[in-house]
1. Looking at segment 90-97, is at least one residue touching a Ser or Thr at 6+ places or on another chain (Cβ under 9 Å) and within 23 Å of Ile139 (Cα to Cα)?
2. Please enumerate the residues belonging to segment 44-74 that are on the phi < 0 side of the Ramachandran plot and either at pLDDT below 90 or of a type in the set (S, T, N, Q) (or both).
3. Report yes if Asn94 is surrounded by fewer than 17 Cβ atoms within 10 Å (Cβ to Cβ), modelled with pLDDT of 90 or more and closer than 15 Å to Val10 by Cα, otherwise no.
4. Return the residue satisfying two criteria in turn: it lies in segment 50-64 and is touching a helix residue (DSSP H, G or I) at 6+ places or on another chain (Cβ under 8 Å) and in contact (Cβ under 8 Å) with a residue 40 or more places away in the chain, and of such residues it is surrounded by the fewest Cβ atoms within 10 Å (Cβ to Cβ).
Amino acid sequence: MDKFDMTYKVVKDYKRLAEIINAYKTLGKKVVCTIGSWDMLHIGHLRYLHKAKNEGDILVVGADSDKAIKIYKNNPLRPVIPEDERMEMLSYQNFVDYVTLVDDVSGKGEWQMGLLEAIEPDVFVAIKESYPKSQQLEIKKLCGKLKILKRQAEKTSTTLIIERTFKKRLEYVLSNAKL
């Protein structure tokens, strides 16, 4: 067995995850949950997850499915990194306790609350822009607290990384083109 393998943290079955989380709650642990795409993991993601972990004892991270990301980003080219690899990357972060797949999004890109209903976290951490007021109210009903964080990296986001890379590639191609 590989002593550094952290993929045991990936629990896709909400029922099994709820059993694990309920055991922690019985021991008096405060459970925190957050959901995101985590595509092309970068410093903003890591700062955000670190702050989320500081809200409690156990951090459950929901990783949006490839299908969900295509819907809500309205972009067939996203995600760049497949869901299983994104979940594995998250599992290797020492402040992440459990990772699960979030695939319950409607065709309109509206979030459903399956994960929150299953584990009933004490705190849900989100970026303000991620959820409209109506969904924030629904989240507050399912969780003890909704903690809103600001974006954690001013100059870095997955979209900006993609755009900068594409722009630099185009500049390179044009600078080497024989006109």
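The values are calculated or read from the model by the stated rules, or taken from the named source; none is laboratory data. Since the structure is predicted, the reported quantities are computational estimates derived from the model, not experimental observations. Cβ atoms come from the backbone with ideal geometry, glycine included; neighbour counts cover every protein chain shown.
1. So far as segment 90-97 goes, no, none of its residues is touching a Ser or Thr at 6+ places or on another chain (Cβ under 9 Å) and within 23 Å of Ile139 (Cα to Cα).
2. Asn54, Ser65, Ala68, Ile69, Lys70, Ile71, Tyr72, Lys73
3. Yes, satisfied.
4. Ile58
Each row is one residue, and each column tells you yes or no for (1) at pLDDT 90 or above; (2) surrounded by 14 or more Cβ atoms within 10 Å (Cβ to Cβ).
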residue	(1), (2)
Gly107	no, no
Val123	yes, yes
Glu129	no, no
Leu149	yes, yes
Thr158	no, yes
Ile161	no, yes
Phe166	no, no
Leu170	no, no
Val173	no, no
